[in-house]
Amino acid sequence: QVQLVESGGGLVQPGGSLKLSCVASRSIFSNYAMGWYRQAPGKQRELVAVIFSGGFTNYADSVKGRFTISKDNAKSMVYLQMNSLKPEDTAVYYCNGRPPPSDYWGQGTQVTVSS
């Protein structure tokens with residue numbers, strides 16, 4: 001059974017930090033690189049960070065130096081530490097395989113950066 005459950009979002013002031021968590025089913029976690037994506041209102045979903053099986057990571061230019069993706073293989077969990085948040089980081093954040101193995105997405109977690 002496919003499972004993607006994101007958590008950890010919330011309202012934070014500019015400059016603040018949040019850590020997102022995602023638990024994924026083994027069928028995805030074990031066979032795909034894992035990514036964090038986000039979708040802002042009126043915009044397409046975009047990839048912000050990816051972590052490969054060997055631990056190599058890659059980031060969108062807009063978040064490089066501020067966000068850190070990590071994972072716990074034993075728990076099939078992926079994390080996104082977000083620092084120095086900006087209003088333009090406001091979006092619903094999702095995790096999924098990279099590339100996504102199907103059209104299935106979890107419910108996401110809302111991140112709002114506002115004073």
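The values are calculated or read from the model by the stated rules, or taken from the named source; none is laboratory data. Computed from a prediction, not measured in an experiment: that's the story for all the values here. Neighbour counts are summed over all protein chains in view; Cβ atoms, including those assigned to glycine, are modelled from backbone coordinates with ideal geometry. Heads up: the accessible areas ignore ligands, DNA and RNA and are worked out on the full protein's heavy atoms, side chains in. Shrake-Rupley method; radii C 1.70, N 1.55, O 1.52, S 1.80 Å.
For first residues located in segment 79-103 and part of a strand (DSSP E or B), partners that are at pLDDT 95 or above and among the basic types (Lys, Arg) and lie 6+ apart or on another chain with Cβ distances below 6 Å form the pairs Gln81/Lys19; Ala91/Arg38; Tyr93/Arg38. Selection over segment 2-19 of residues that are of a type in the set (A, V, I, L, M, F, W, C), out of contact with any Cys (no Cβ under 8 Å at 6 or more places or on another chain) and not in a loop (DSSP other than H, G, I, E, B) gives a count of 3. Among the residues making up segment 35-45, a single one is of a type in the set (Gly, Ala, Ser) and either crowded, with 17+ Cβ neighbours inside 10 Å or within 11 Å of Asn96 (Cα to Cα) (or both): Gly35.
Residue-by-condition table, conditions (1) open to solvent by 50 Å² or more (accessible area, probe 1.4 Å); (2) within 16 Å of Arg38 (Cβ to Cβ); (3) at pLDDT below 95; (4) under 13 Å from the mean Cα position of the chain (by Cα):
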| position | (1), (2), (3), (4) |
| --- | --- |
| Gly54 | yes, no, yes, no |
| Thr57 | no, no, no, yes |
| Tyr79 | no, yes, no, yes |
| Leu85 | no, yes, no, no |
| Thr90 | no, yes, no, yes |
| Ser102 | yes, no, yes, no |
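Checking Val63, Val48 one by one, the residue that is open to solvent by less than 50 Å² (accessible area, probe 1.4 Å), in a strand (DSSP E or B) and out of contact with any Pro (no Cβ under 6 Å at 6 or more places or on another chain) is Val48 and no other.
Taking segment 1-34 as the range and being at pLDDT below 95, aliphatic (A, V, I, L, M), open to solvent by 40 Å² or more (accessible area, probe 1.4 Å) and touching a Gly at 6+ places or on another chain (Cβ under 8 Å) as the test, no residue passes.
Taken as a whole, the structure leaves Val23 outside the set of residues that are among the aliphatic types (A, V, I, L, M), in a loop (DSSP other than H, G, I, E, B) and out of contact with any Pro (no Cβ under 9 Å at 6 or more places or on another chain). When the residues of segment 104-115 are narrowed to those that are of a type in the set (S, T, N, Q) and assigned to a strand (DSSP E or B), which ends up most open to solvent (accessible area, probe 1.4 Å)? Step by step, filter segment 104-115, then rank; the result is Gln110.
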